[in-house]
Amino acid sequence: MKSFDELLQISVERHGHLCAGQVIGVRMAMLGCRLIGIDEPLSPLNRKKIMVFVEIDRCATDAIESVTGCHMGKRTLKFKDFGINAATFINLETGQAFRIVSTEASRDLAAEYAPEETDARRQQLAGYKRMPNEMLFDVQKVTVHLPEWDMPGPPRRHAVCERCGQVVRDGKEKRVEGLTLCRPCAGEGYFQILRN
Ligand SMILES: [Zn+2]
Ligand SMILES: [Zn+2]
């Protein structure tokens, strides 16, 4: 794997700015890859072996994408909208998986690891770079249920909504009172259609 500094630089270029999220995300992804036994996540040999679940749509997610090469368009990056600074790294070949959570305590500890920095933002960046993994992260060995239709590759299943006719791929249809429905028809829409 490339060094932390190299990976941080690449991730900052992609993300657009240097921030605590880039430092934490790069470190989290490096640790995650190491824990699941994948040293070169971007090598063509490994690209299909790794999947990541992220639990927040903020800065660190971009860093995790850039280090692991996982992304939504390839179905190797999954988003769970939990509002938690955490990600789970899965080796699809061995089934090994680790969930890594950024600790709340690390926010206060940053000052102790970078006492010479007077500016709060710089102190946070320097502190997060130096802090040992044990302080920065909580690590859980986990197992993740992965339905076949959530895996990379062509859609395994197509359904047709019995209310509006929309084709729904990948097993994402709902059964409601005996009917097969798309999510919007099942009342799970995030939008309202405006008629004029
Ligand atoms: Zn950022
Ligand atoms: Zn529908």
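The values are calculated or read from the model by the stated rules, or taken from the named source; none is laboratory data. This one's a predicted model, so the numbers in the text were calculated from it and none came from an experiment. A quick note on method: Cβ atoms are made from the backbone with ideal geometry, for glycine too, and the neighbour counts reach across all protein chains shown. Surface accessibility is based on the protein's heavy atoms, side chains included, excluding ligands, DNA and RNA. Shrake-Rupley method; radii C 1.70, N 1.55, O 1.52, S 1.80 Å.
Being exposed (fewer than 14 other Cβ atoms within 10 Å of the Cβ) and farther than 30 Å from P154 by Cβ is the requirement here; does G25 meet it?
no
Please indicate, with yes or no, whether at least one residue in segment 1-13 is more than 16 Å from ligand 2 (Cβ to nearest atom), of a type in the set (A, V, I, L, M) and touching an Asp or Glu at 6+ places or on another chain (Cβ under 8 Å).
Initial filter on segment 1-13 (more than 16 Å from ligand 2 (Cβ to nearest atom)): 1-13.
Now narrow it down to the ones that are of a type in the set (A, V, I, L, M): 1, 7-8, 10, 12.
Remaining after also requiring touching an Asp or Glu at 6+ places or on another chain (Cβ under 8 Å): 1.
Yes.
Looking at N91, N85 in this structure, which one is more than 16 Å from ligand 1 (Cβ to nearest atom) and modelled with pLDDT of 95 or more?
None of the others qualify; the one that does is N91.
Would you check if I56 is part of a loop (DSSP other than H, G, I, E, B) and within 16 Å of V23 (Cβ to Cβ)?
Working: part of a loop (DSSP other than H, G, I, E, B): yes; within 16 Å of V23 (Cβ to Cβ): yes.
Yes.
How about segment 176-190: which of its residues are in a loop (DSSP other than H, G, I, E, B) and under 12 Å from A159 (Cβ atoms)?
As a first pass, look at segment 176-190 and keep what is in a loop (DSSP other than H, G, I, E, B): 177-178, 182-183, 189-190.
Within segment 176-190, C182, R183 meet the criteria.
What tally of residues in segment 85-106 results from selecting those that are over 19 Å from the mean Cα position of the chain (by Cα) and of a type in the set (A, V, I, L, M)?
1
Taking into account only those residues within segment 28-56 that are of a type in the set (A, V, I, L, M, F, W, C) and open to solvent by 60 Å² or more (accessible area, probe 1.4 Å), which is farthest from the chain's Cα centre (by Cα)?
L45
Between L109, L125, L146, L136, which is open to solvent by less than 90 Å² (accessible area, probe 1.4 Å), over 22 Å from the mean Cα position of the chain (by Cα) and either over 28 Å from Q22 (Cβ atoms) or in contact (Cβ under 8 Å) with a residue 24 or more places away in the chain (or both)?
None of the others qualify; the one that does is L109.
So, in segment 32-46, how many residues would count as being touching a residue at least 60 places away in the same chain (Cβ under 8 Å) and over 17 Å from L77 (Cβ atoms)?
Summing the residues that are touching a residue at least 60 places away in the same chain (Cβ under 8 Å) and over 17 Å from L77 (Cβ atoms) in segment 32-46 gives 1.
Taking segment 9-58 on its own, how many of its residues are hydroxyl-bearing (S, T, Y) and in contact with a helix residue (DSSP H, G or I) (Cβ under 9 Å, 6 or more places away or on another chain)?
Here the count works out to 1.
Could you list, in sequence order, all residues of segment 157-196 that are open to solvent by less than 40 Å² (accessible area, probe 1.4 Å), near ligand 2 (Cβ under 8 Å from one of its atoms) and in contact with a helix residue (DSSP H, G or I) (Cβ under 6 Å, 6 or more places away or on another chain)?
Once the filter is applied, which keeps residues that are open to solvent by less than 40 Å² (accessible area, probe 1.4 Å), near ligand 2 (Cβ under 8 Å from one of its atoms) and in contact with a helix residue (DSSP H, G or I) (Cβ under 6 Å, 6 or more places away or on another chain), segment 157-196 yields only C161.
Considering each of G153, G178, G171 in turn, give the residue that is of a type outside the set (D, E, K, R) and farther than 30 Å from Q96 by Cα.
That would be G178, the only listed residue that is of a type outside the set (D, E, K, R) and farther than 30 Å from Q96 by Cα.
Among the residues of segment 162-176, which ones are under 29 Å from the mean Cα position of the chain (by Cα) and of a type in the set (D, E, K, R)?
R169, D170, K172, E173, K174, R175
Every residue in segment 63-95 that is in contact (Cβ under 8 Å) with a residue 60 or more places away in the chain and either part of a helix (DSSP H, G or I) or open to solvent by 10 Å² or more (accessible area, probe 1.4 Å) (or both), please.
Scanning segment 63-95 gives V67, K74, R75, K78, N85.
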